[in-house]
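Data block below; observations after.
The values are calculated or read from the model by the stated rules, or taken from the named source; none is laboratory data. Just so it is clear, the structure is predicted and the values come from calculations on it, not from any experiment. Accessible surface areas use protein heavy atoms only, side chains included; no ligands, DNA or RNA. Shrake-Rupley method; radii C 1.70, N 1.55, O 1.52, S 1.80 Å.
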Amino acid sequence: MKHPLHPAIVHFPIATWSLATVADLAGIWLGAPAWRFAEYLLAIGVVTGIVAVATGFIELIKIDMDSPLY
């Protein structure tokens with residue numbers, strides 16, 4: 001197995017969901033612009049989350065049955 005792609009991609013949904021939480025809290029003081037930014041961050045997080053799940057599943061399928069990782 002070469003370098004897996006999943007660990008490199010999984011940081012994006014975590015970062016966007018964390019920033020969306022910060023934007024939601026900032027929306028208390030800043031109003032609608034911060035909430036709209038949080039909407040975009042949540043959408044990006046969902047898309048990158050699906051990509052991270054897909055790459056993780058592909059890496060899981062690549063593991064041999066006799067591998068110590070299985």
Task: Most mobile of 30, 19, 42 in a GNM of the chain (Cα contacts under 10 Å) - done: 30
- [ ] At 1.4 Å probe size, with no ligands or nucleic acids counted, give the accessible surface of residue 14 in Å², nearest ten.
- [x] 100 Å²
Task: Degrees between helix 11-30 axis and first principal axis of the chain (Cα, 0 to 90, nearest 10) - done: 10 degrees
TODO: Please express the shape of the chain as an equivalent ellipsoid: the semi-axes are the square roots of 5 times the eigenvalues of the C-alpha gyration tensor, given largest first in whole angstrom.
DONE: 36, 9, 7
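Which whole-number percent gives the relative contact order of the chain, counting Cα pairs below 8 Å spaced six or more residues apart?
40 percent
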TODO: Quick one: accessible surface of residue 35, probe radius 1.4 Å, all protein chains present, in square angstrom to the nearest 10.
DONE: 120 Å²
